[in-house]
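Here the structure is laid out as C-alpha coordinates; the discussion comes afterwards.
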Amino acid sequence: MSENFKSALLLSMPQLQDPNFARTVVLLCEYNPDGAFGLVLNRPTNVAASEMVRLDPPVVAGNDMPLWIGGPVEPQRGWILLGDEPQAEFKCIRDGLYLSTSQALLREVLGARPAPRARVLAGYAGWGPGQLDEELAQSAWLLGEVDLDIVFDVAPEAMWETAIRRLGADPSSLTTSHGVH
(Lines give C-alpha, C1' and ligand atoms only; values in the text may rest on other atoms or scores of the structure.)
Protein backbone atom coordinates (compact mmCIF):
# COMPACT_ATOMS: atom_id res chain seq x y z
CA MET A 1 0.00 0.00 0.00
CA SER A 2 1.42 3.34 -1.03
CA GLU A 3 1.84 6.17 1.46
CA ASN A 4 0.74 8.51 -1.33
CA PHE A 5 -2.65 6.98 -2.10
CA LYS A 6 -4.07 7.90 -5.47
CA SER A 7 -7.67 7.00 -6.23
CA ALA A 8 -8.16 4.12 -8.65
CA LEU A 9 -10.79 1.95 -10.24
CA LEU A 10 -11.06 -1.58 -8.89
CA LEU A 11 -12.18 -3.95 -11.64
CA SER A 12 -13.44 -7.29 -10.37
CA MET A 13 -11.92 -10.43 -11.81
CA PRO A 14 -14.18 -13.30 -12.95
CA GLN A 15 -13.32 -15.41 -9.89
CA LEU A 16 -14.85 -12.81 -7.56
CA GLN A 17 -18.06 -14.70 -6.80
CA ASP A 18 -19.73 -12.28 -4.38
CA PRO A 19 -22.87 -11.11 -6.26
CA ASN A 20 -22.34 -7.59 -4.89
CA PHE A 21 -19.09 -7.37 -6.85
CA ALA A 22 -19.38 -9.63 -9.91
CA ARG A 23 -18.33 -7.61 -12.99
CA THR A 24 -18.16 -4.39 -11.00
CA VAL A 25 -16.22 -1.19 -11.37
CA VAL A 26 -15.51 0.33 -7.95
CA LEU A 27 -14.18 3.84 -7.45
CA LEU A 28 -11.61 3.41 -4.68
CA CYS A 29 -11.89 6.62 -2.65
CA GLU A 30 -9.81 5.80 0.44
CA TYR A 31 -7.16 3.16 1.10
CA ASN A 32 -5.07 3.23 4.26
CA PRO A 33 -3.97 0.94 7.12
CA ASP A 34 -7.45 1.19 8.67
CA GLY A 35 -9.09 -0.26 5.54
CA ALA A 36 -10.58 0.92 2.28
CA PHE A 37 -13.71 2.67 1.06
CA GLY A 38 -15.16 2.69 -2.45
CA LEU A 39 -18.31 3.15 -4.50
CA VAL A 40 -19.62 0.67 -7.07
CA LEU A 41 -20.16 2.68 -10.26
CA ASN A 42 -22.06 0.30 -12.53
CA ARG A 43 -25.15 -0.76 -10.53
CA PRO A 44 -28.03 1.59 -11.43
CA THR A 45 -31.55 1.07 -10.13
CA ASN A 46 -34.68 1.58 -12.22
CA VAL A 47 -35.91 4.28 -9.86
CA ALA A 48 -35.22 8.01 -9.92
CA ALA A 49 -33.06 9.12 -7.00
CA SER A 50 -35.50 11.98 -6.35
CA GLU A 51 -38.21 9.38 -5.65
CA MET A 52 -36.06 7.24 -3.33
CA VAL A 53 -34.17 9.82 -1.30
CA ARG A 54 -36.03 10.98 1.80
CA LEU A 55 -35.50 14.69 2.38
CA ASP A 56 -37.66 16.96 4.55
CA PRO A 57 -39.34 18.69 2.85
CA PRO A 58 -39.36 16.21 -0.04
CA VAL A 59 -37.95 17.06 -3.46
CA VAL A 60 -40.87 18.04 -5.68
CA ALA A 61 -40.66 17.56 -9.45
CA GLY A 62 -37.12 16.22 -9.29
CA ASN A 63 -35.14 15.09 -12.32
CA ASP A 64 -35.03 11.49 -13.55
CA MET A 65 -31.40 10.80 -12.52
CA PRO A 66 -31.35 7.17 -11.33
CA LEU A 67 -30.32 6.05 -7.89
CA TRP A 68 -27.18 3.89 -8.05
CA ILE A 69 -26.20 1.12 -5.64
CA GLY A 70 -22.80 2.16 -4.28
CA GLY A 71 -22.27 -1.07 -2.40
CA PRO A 72 -23.70 -3.44 0.18
CA VAL A 73 -22.57 -1.57 3.31
CA GLU A 74 -25.03 0.87 4.93
CA PRO A 75 -27.50 0.98 2.02
CA GLN A 76 -29.40 3.80 3.74
CA ARG A 77 -26.33 6.06 3.52
CA GLY A 78 -26.14 8.41 0.53
CA TRP A 79 -23.26 9.78 -1.52
CA ILE A 80 -23.04 12.29 -4.33
CA LEU A 81 -20.35 12.08 -7.02
CA LEU A 82 -20.05 15.27 -9.06
CA GLY A 83 -18.16 16.33 -12.14
CA ASP A 84 -18.09 20.01 -11.14
CA GLU A 85 -16.61 21.30 -7.89
CA PRO A 86 -19.54 21.92 -5.55
CA GLN A 87 -20.11 24.91 -3.27
CA ALA A 88 -20.80 22.49 -0.38
CA GLU A 89 -18.32 20.46 1.66
CA PHE A 90 -16.65 17.79 -0.47
CA LYS A 91 -13.68 15.50 -0.91
CA CYS A 92 -11.70 15.82 -4.14
CA ILE A 93 -11.19 12.33 -5.59
CA ARG A 94 -9.26 13.79 -8.53
CA ASP A 95 -9.62 16.86 -10.76
CA GLY A 96 -13.16 16.77 -12.14
CA LEU A 97 -14.47 14.25 -9.58
CA TYR A 98 -15.83 15.29 -6.19
CA LEU A 99 -17.57 13.34 -3.41
CA SER A 100 -20.04 14.85 -0.95
CA THR A 101 -22.71 13.89 1.56
CA SER A 102 -24.20 17.39 1.86
CA GLN A 103 -28.00 17.38 2.24
CA ALA A 104 -28.23 20.84 0.66
CA LEU A 105 -26.17 19.70 -2.32
CA LEU A 106 -28.25 16.52 -2.61
CA ARG A 107 -31.44 18.62 -2.81
CA GLU A 108 -29.82 20.82 -5.46
CA VAL A 109 -28.66 17.84 -7.56
CA LEU A 110 -32.00 16.03 -7.35
CA GLY A 111 -33.98 19.12 -8.32
CA ALA A 112 -31.73 20.41 -11.13
CA ARG A 113 -33.10 20.35 -14.67
CA PRO A 114 -31.42 19.13 -16.70
CA ALA A 115 -29.77 16.71 -14.31
CA PRO A 116 -26.14 17.68 -13.62
CA ARG A 117 -23.09 15.53 -14.34
CA ALA A 118 -23.48 13.63 -11.09
CA ARG A 119 -24.36 10.30 -9.50
CA VAL A 120 -26.43 9.75 -6.38
CA LEU A 121 -25.47 6.46 -4.74
CA ALA A 122 -26.83 4.45 -1.82
CA GLY A 123 -24.43 2.38 0.25
CA TYR A 124 -20.74 1.78 -0.25
CA ALA A 125 -18.08 -0.90 -0.47
CA GLY A 126 -15.85 -1.23 2.56
CA TRP A 127 -12.86 -3.34 3.52
CA GLY A 128 -11.35 -3.82 6.97
CA PRO A 129 -7.63 -3.49 7.73
CA GLY A 130 -5.66 -5.67 5.30
CA GLN A 131 -8.76 -7.11 3.61
CA LEU A 132 -8.35 -5.33 0.27
CA ASP A 133 -4.59 -6.05 0.35
CA GLU A 134 -5.43 -9.75 0.65
CA GLU A 135 -7.98 -9.61 -2.18
CA LEU A 136 -5.48 -7.81 -4.41
CA ALA A 137 -2.84 -10.44 -3.57
CA GLN A 138 -5.36 -13.15 -4.57
CA SER A 139 -5.87 -11.34 -7.93
CA ALA A 140 -9.54 -10.67 -7.19
CA TRP A 141 -9.22 -7.13 -8.56
CA LEU A 142 -7.39 -5.27 -11.30
CA LEU A 143 -6.42 -1.64 -10.72
CA GLY A 144 -7.20 0.96 -13.38
CA GLU A 145 -6.97 4.70 -13.82
CA VAL A 146 -9.94 6.85 -12.87
CA ASP A 147 -11.21 8.11 -16.23
CA LEU A 148 -14.04 10.63 -15.92
CA ASP A 149 -15.82 9.29 -18.99
CA ILE A 150 -16.00 5.84 -17.40
CA VAL A 151 -17.46 7.34 -14.23
CA PHE A 152 -20.07 9.52 -15.93
CA ASP A 153 -20.52 8.64 -19.60
CA VAL A 154 -20.03 4.93 -20.29
CA ALA A 155 -23.24 2.89 -20.05
CA PRO A 156 -23.27 0.79 -16.86
CA GLU A 157 -23.58 -2.50 -18.76
CA ALA A 158 -20.44 -1.62 -20.79
CA MET A 159 -18.39 -0.03 -18.01
CA TRP A 160 -16.59 -3.14 -16.73
CA GLU A 161 -15.56 -4.35 -20.18
CA THR A 162 -14.54 -0.84 -21.28
CA ALA A 163 -12.35 -0.37 -18.20
CA ILE A 164 -10.73 -3.82 -18.64
CA ARG A 165 -10.00 -3.11 -22.32
CA ARG A 166 -8.36 0.22 -21.40
CA LEU A 167 -5.85 -1.83 -19.41
CA GLY A 168 -5.00 -3.63 -22.64
CA ALA A 169 -6.75 -6.85 -21.64
CA ASP A 170 -9.48 -8.84 -23.36
CA PRO A 171 -12.18 -9.56 -20.76
CA SER A 172 -12.93 -12.95 -22.33
CA SER A 173 -9.32 -14.05 -21.81
CA LEU A 174 -9.17 -13.28 -18.09
CA THR A 175 -8.30 -16.40 -16.15
CA THR A 176 -10.88 -17.77 -13.78
CA SER A 177 -9.33 -19.49 -10.81
CA HIS A 178 -10.94 -20.85 -7.67
CA GLY A 179 -13.32 -18.32 -6.15
CA VAL A 180 -12.64 -15.46 -3.86
CA HIS A 181 -15.38 -14.78 -1.28
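The values are calculated or read from the model by the stated rules, or taken from the named source; none is laboratory data. Since the structure is predicted, the reported quantities are computational estimates derived from the model, not experimental observations. Ideal geometry is used to build each Cβ from the backbone, glycine not excepted, and the neighbour counts take in all protein chains shown. Surface accessibility is based on the protein's heavy atoms, side chains included, excluding ligands, DNA and RNA. Shrake-Rupley method; radii C 1.70, N 1.55, O 1.52, S 1.80 Å.
General remarks:
- Phi angles of the range 118-130 translate, via the Karplus equation with coefficients 6.51, -1.76, 1.60 and θ = phi - 60°, into HN-Hα couplings of 7, 10, 10, 10, 10, x, 7, 9, x, 10, x, x, x Hz per residue; Gly and Pro are given as x.
- Across the range 27-141, the mean sequence separation of Cα contacts (distance under 8 Å, 6 or more residues apart), normalised by length, yields a relative contact order of 34 percent.
- Percent accessible area from carbon and sulfur atoms, the chain, protein chains only, probe 1.4 Å: 49 percent
- Remark on the range 8-64: ratio of C-alpha radius of gyration to 2.2 N^0.38 Å is 1.52.
- Residue among Gly96, Gly126, Gly71 with the largest mean-square fluctuation in a Gaussian network model of the chain, springs linking Cα atoms under 10 Å: Gly96
- Structure-based [θ]222 nm, the chain - -39500 (n - 2.57) summed over DSSP H runs of at least 4, per residue, nearest 500: -5000 deg cm²/dmol
- Each of Leu97, Gln87, Gly111 was scored by the projection of its Cα onto the charge dipole of the range 29-116, and the greatest displacement toward the positive side belongs to Gly111; charges sit on the C-beta of Lys, Arg, Asp and Glu.
- When the range 89-177 is described by a simple charge dipole with +1 on each Lys and Arg Cβ and -1 on each Asp and Glu Cβ, the residue from Leu167, Ile150, Ala140 located farthest towards its positive end is Ile150.
- Residue among Gly126, Phe37, Gly70 farthest towards the positive dipole end of the chain, charges placed on Cβ: Gly70
- At 1.306 mPa s and 10 °C, Stokes diffusion of the range 41-181 via Kirkwood alpha-carbon radius, µm² per second: 95 µm²/s
- For the residues Arg43, Arg23, Arg117, a 1.4 Å probe over the protein chains yields an accessible-area ranking, largest first, of Arg23, Arg117, Arg43.
- Within a Gaussian network of the chain (alpha carbon springs, distance under 10 Å), most fluctuating of Asp64, Asp95, Asp133: Asp95
- Choice from Leu110, Leu167, Leu39 with maximal GNM fluctuation in the chain (Cα, 10 Å cutoff): Leu167
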